[in-house]
Amino acid sequence: MCRPNVRTKKKTQNEIRADRAQQALQYYRVAGLREQGVDDETLIADLLTDIRHLADRLDLNLCQIDGLAYLNYLAEAGLKLR
């Protein structure tokens, strides 16, 4: 099939990051929960809960990791800590 020469808008790094997270979440929905009808808010809450269990198993400080992730998010989004 031949496609016309159509220019597509290049995605920002943050859009690419969000796409990656959405793909991981979709995988978790199918492989982890095996529940197709779960809304996104519940799905994210369940994934975060499972990540907490994993951090416990690995003896990691999730609060510290989450703080670092939040600072990274602020920097990537061009926001400042309040």
Worksheet item: For the range 30-77, what are the residues that are assigned to a helix (DSSP H, G or I) and among the β-branched types (Val, Ile, Thr)?
Response: Val30, Thr42, Ile44, Thr49, Ile51, Ile65
Discussion item. Can you confirm whether Tyr27 is in a helix (DSSP H, G or I) and surrounded by 11 or more Cβ atoms within 10 Å (Cβ to Cβ)?
Written reply: no
Discussion item. When you check Gly67 against the structure, is it surrounded by fewer than 10 Cβ atoms within 10 Å (Cβ to Cβ) and among the small types (Gly, Ala, Ser), yes or no?
Written reply: no
Response to the item:
Of (1) at positive phi; (2) at pLDDT 95 or above, Gly78 satisfies every one except (2)
Worksheet entry | Search result, residues across the range 31-51 that are over 25 Å from Gly78 (Cβ atoms) and either surrounded by 11 or more Cβ atoms within 10 Å (Cβ to Cβ) or within 13 Å of the chain's Cα centre (by Cα) (or both) | Gly32, Leu33, Glu35, Val38, Glu41, Thr42, Leu43, Ala45, Asp46, Leu47, Asp50, Ile51
Response to the item:
Listed by first then second residue, the pairs whose first member lies in the range 7-23 and is within 15 Å of Asp40 (Cα to Cα), whose partner is outside any helix (DSSP H, G or I) and among the basic types (Lys, Arg), with beta carbons under 9 Å and at least 6 positions apart or on separate chains, are Asp19/Lys11
Fill in: In the range 1-24, residue modelled with the highest pLDDT [restricted to those that are of a type in the set (Val, Ile, Thr) and outside any helix (DSSP H, G or I)]
Thr12
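The values are calculated or read from the model by the stated rules, or taken from the named source; none is laboratory data. Since the structure is predicted, the reported quantities are computational estimates derived from the model, not experimental observations. Here the Cβ is made from the backbone with ideal geometry for all residues, glycine too, and neighbour counts use every protein chain on show.
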